[in-house]
Amino acid sequence: MVTPELRQPDDPASEDPPPEAGGDGPAQVRNTVSGTVGVVVQAGAVHGDVSLHAAPLPPAPVVPRQLPAAPALFAGRSAELARLDRVLTATTAPADPAGAGQGATVLVSAIGGVGGIGKTWLALAWAHRHLERFPDGQLFVDLRGFSPTGESVGPAVAVRGFLDALGVEANRIPVDLDAQAALYRSLVAGRRMLVVLDNA
């Protein structure tokens, strides 16, 4: 925050002497700028247009919210939810204001079982109950591993979708899959995020 302070010549705190009596020039003004500042420009008498050229600020990180809606009707599974709590919240306490220790650990948990027993609903129910633990975003992809059509989503498509969700412009996405994966890791490094790979 920048707080300009204007001091007139008759201000005792001003270090500039007052103008001589009868002088034709304008009164002197001393500007004191405190706080965190960048480039400070002060102009006196200006005639015509003024153009300031400064480097644009870097864009704020994109916070993706890709989780499907929480299951409207979800009952039971208390034991499974409690187990996920123990596994996934042991070292992922809610983000603190100072940001200490954030993003230091990657936890992976697999929910297994036959098709149709509610694995996706269980994962989504848990995720929506703990959104505050992942303030930097949530990524979701359906890999269609058991799709009736047999057309599963490959790593290249999944990673490209994550890069799109993270706000990477198309002309900045590498062609090579390994380079795409490296870019993805760089973007999520140090961020508290949840990644759900469904139907793997």
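Numbers at a glance
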quantity: Tally, over segment 154-191, of residues that are farther than 21 Å from residue 106 by Cα and without any contact (Cβ under 8 Å) to a residue 24 or more places away in the chain; calculated: 13
quantity: Among (1) aliphatic (A, V, I, L, M); (2) farther than 27 Å from residue 190 by Cα; (3) at pLDDT 75 or above, the one test that residue 67 misses; calculated: (2)
quantity: Any chance residue 140 is surrounded by 17 or more Cβ atoms within 10 Å (Cβ to Cβ) and closer than 19 Å to residue 70 by Cα; calculated: yes
quantity: Hits in segment 181-190 - residues which are surrounded by 16 or more Cβ atoms within 10 Å (Cβ to Cβ) and either closer than 27 Å to residue 147 by Cα or out of contact with any helix residue (DSSP H, G or I) (no Cβ under 8 Å at 6 or more places or on another chain) (or both); calculated: 181, 184, 188
quantity: So residue 164, is it assigned to a helix (DSSP H, G or I), at pLDDT 95 or above, over 25 Å from residue 123 (Cα atoms) and of a type in the set (D, E, K, R); calculated: no
quantity: Residue within segment 176-190 that is under 30 Å from residue 72 (Cα atoms) and not in a helix (DSSP H, G or I) present; calculated: no
quantity: Where residue 178 falls short, out of the listed (1) within 21 Å of the chain's Cα centre (by Cα); (2) surrounded by fewer than 16 Cβ atoms within 10 Å (Cβ to Cβ); (3) among the charged types (D, E, K, R); calculated: (1)
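The values are calculated or read from the model by the stated rules, or taken from the named source; none is laboratory data. What you see is a predicted model, and the numbers here were worked out from it, not measured in a lab. With ideal geometry, Cβ positions are generated from the backbone for all residues, glycine too; neighbour counts draw on all protein chains shown.
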